Amino acid sequence: MSSRLRNKDSGLAMVESMARRAFLAQGGMSLGAIALQSLLGSDLAIGQRVDFAPRAKRVIFLTQSGGPSQIELYDDKPGLAQWAGKELPPSVRQGQRLTTMTANQKQLIMPARSRFQRRGESGATVSDWLPHIADAADELCFVKSMTTDQINHAPAMTKFLTGHQIPGRPSVGAWTSYGLGSENRDLPDFLVLISKMKRPSDQPLYDHYWGSGFLPSRYQGVKLRNAEDPVLYLRDPSGLPRNVRRGMLDGLAELNQQRLDATGDAEIETRIRQYEMAWRMQTSIPELNDLSGETEETFRLYGADSRRAGSYAANCILARRLVERGVRFVQLFHPDWDHHSRLQSWCTARCRDTDQASAALVLDLKRRGLLDDTLVVWGGEFGRGVAGQGQWDSPEGGRDHHPRCFTIWMAGGGLRSGFSYGATDDFSYNVAEHPVHVRDLHATMLHLLGIDHERLTFRRQGLDFRLTGVEPTRVVHELMA
């Protein structure tokens, strides 16, 4: 069992690590080689020592920031038509907290603005706003009974991605990197891609969503920018020969190693490793971002927007290229799902941004033999309420935040395909069957990766922290093939 999965005595681990470094130094290896040995030796071995046989080796998390409306997209409630314009019954609301945006207005029911059909052999209900995801429904595993505790964006997204509503905890990608290590020598374990929107979005995406929290910073997500230089300061200065740069890195490694031996500070080891990773990324990142080798058929599969650098569709192609190269955790962020008004026009626009490329990614992974051991997750931090915000029957109407129930879908990675799990009440307001808390989602993701969520811990301030916390949590085995 990896010490990262049972980190009960960080002091002992540090002593062992320092002893290993001293041995290597006495062996006459260059300091650059020492850093490389650490990079390639320890982390690459960790992925082979997990709690049980993994079903998935890697994750692509398609994060839809803002709270997509399950009522318009996946959770068909045809009975709402007869409640149109009527007030939500108190027996349904059950005292649910509302945001200040709708707390002082009547909760008048707004039926779905979209239409639904049952799709594929599985009969999944998918909106006509998502025709490509609908066509791929038999490859997907829908969870229609997700629930969370937070009603505002930042704490809800923080909980969705770190297990706790207050910033400072490691993200799920950082925990995965910490627990499993790397399969790749030339790229970070955890990479983040953010959509370049066609119109400005006022919804912030905070760095702690992909941060490492109290874990060593080597486990945090590395954001690839939508710019000529995807990673800042990666290029060598003009006129600097490669061999001179290598000598500078070795010199820095020697100074950092001396300080590391004196202090045992894990962040110094991170610094050594990151310099070495940056050296390799000078070659790997330009190659990764060069899509000229992709076929015309691939661009057609992902849609016309896949040719626009930084688009969600282009990022989906990059996500596939990253997992092909052994990156452990890839996270895409697509913002602007927060539709308090003009839901019908703005939500359909976000669907057009993401529908074809999301489905294409699943199908592309499948045809390349990668879907079976790649876990794909699509979802946002919460759902939307059944009452209309503003005038319910106006084109300007929208929906407020709703944490009680929402829908996500997953694919690959040992999951059942063509399967829908859980159900909500007739108003898509409360979970009626098989609730799945965000904690349960995290535990299930780790389980698919071969990790027992109760044993993946990190000792800090005398406590053994874990992604799923201390509250009751279950692995949702019913989702697994």
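Every read-out reported here was derived from the displayed coordinates using simple, explicitly stated rules and does not represent laboratory data. Since this is a predicted model, take the numbers as computed values, not measurements. Here Cβ is always computed from backbone atoms with ideal geometry, including for glycine, and neighbour counts include all displayed protein chains.
Specify whether the C-alpha gyration tensor of the stretch 116-214 places it in the rounded, prolate or oblate class, a ≥ b ≥ c being the square roots of the eigenvalues: rounded for a/c under 1.5, otherwise prolate if a/b is larger than b/c and oblate if not.
Working: a/c = 1.82, a/b = 1.52, b/c = 1.19.
Here the stretch 116-214 falls in the prolate category.
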(Q) My understanding is that a pair violates if its Cα-Cα distance is over 18 Å; which of LYS77/LYS144; LYS57/LYS223; LYS159/LYS223; LYS57/LYS366 do that in this structure? (A) LYS57/LYS223; LYS159/LYS223
Q) Residue separation times 0.36 nm, minus the C-alpha to C-alpha distance between THR99 and ARG185: what's the value? A) 26.3 nm
(Q) In whole Å, what are the extents of the stretch 431-481 along the principal axes defined by its C-alpha atoms, from largest to smallest? (A) 39, 24, 11
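Starting from the Cα gyration tensor of the stretch 269-402, take the square roots of the eigenvalues, sort them a ≥ b ≥ c, and report rounded, prolate or oblate (rounded when a/c is under 1.5, otherwise prolate if a/b is larger than b/c, else oblate).
Prolate is the answer for the stretch 269-402, as a/c is 1.5 or above and a/b outweighs b/c.
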Q. In nanometres, what is the gap between the two model label sites at SER217 and ARG352, each 7 Å from Cα along Cα-to-Cβ?
A. 4.2
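Can you put SER358, SER284 in order of Cβ neighbours within 10 angstrom, beginning with the fewest? Mind dumping the intermediate values first?
On the way: SER358 27, SER284 16.
Fewest to most other Cβ atoms nearby, the residues stand as SER284, SER358.
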Q: Mind jotting down the distance between the C-alpha centroids of the stretch 144-166 and the stretch 223-301, whole Å?
A: 33
Q. Full extension from VAL244 to ARG225: what is 0.36 nm times the residue separation minus their Cα-Cα distance, to one decimal in nm?
A. 4.1 nm
Q. Can you give the calculated 222 nm mean residue ellipticity of the chain, where each DSSP H run of n ≥ 4 adds -39,500 (n - 2.57) and the sum is split over every residue, rounded to the nearest 500 deg cm²/dmol?
A. -11000 deg cm²/dmol
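Ranked highest first by the average count of other Cβ atoms within 10 Å around their residues, in what order do 335-347, 57-69 fall? Could the numbers behind the result be given before it?
Numbers: 335-347: 20.0, 57-69: 25.3.
By packing density, highest mean first, the sequence is 57-69, 335-347.
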Q: Could you size up the charge dipole of the chain around its Cα centre, putting +1 on the beta carbon of Lys and Arg and -1 on that of Asp and Glu, and report it in debye to the nearest 20?
A: 400
Q. Dividing the alpha-carbon Rg of the chain by 2.2 N^0.38 Å yields what?
A. 1.02
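Can you classify the stretch 149-282 as rounded, prolate or oblate using the Cα gyration tensor, where a ≥ b ≥ c are the square roots of its eigenvalues, rounded means a/c under 1.5, and otherwise it's prolate if a/b beats b/c and oblate if not? Mind showing how you got there, number by number?
Working: a/c = 2.67, a/b = 1.47, b/c = 1.81.
Taking the square roots of the gyration eigenvalues as a ≥ b ≥ c, the stretch 149-282 is oblate.
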Q. Most exposed first by the Cβ proxy, i.e. fewest other Cβ within 10 Å, how do SER420, SER171, SER195 rank?
A. SER420, SER195, SER171
Q. Could you put CYS405, CYS351 in order, starting from the residue whose Cβ has the fewest other Cβ atoms within 10 Å?
A. CYS351, CYS405
(Q) Spelling out what I want: for every residue of the stretch 134-150, take phi, set θ = phi - 60°, compute 6.51 cos²θ - 1.76 cosθ + 1.60 (Karplus), and round to whole Hz; glycine and proline get x. (A) 4, 5, 9, 4, 6, 9, 10, 10, 8, 10, 9, 10, 5, 8, 9, 9, 10
Q. Can you give the relative contact order of the chain as a percent, counting alpha carbon pairs under 8 Å and 6+ residues apart?
A. 29
(Q) Of all beta bridges DSSP finds with both residues in the chain, what is the antiparallel percent, to the nearest 5? (A) 50
Q) At what distance in nm do the modelled label points of ALA432 and LYS86 sit from each other, each positioned 7 Å from its Cα along Cα→Cβ? A) 1.5
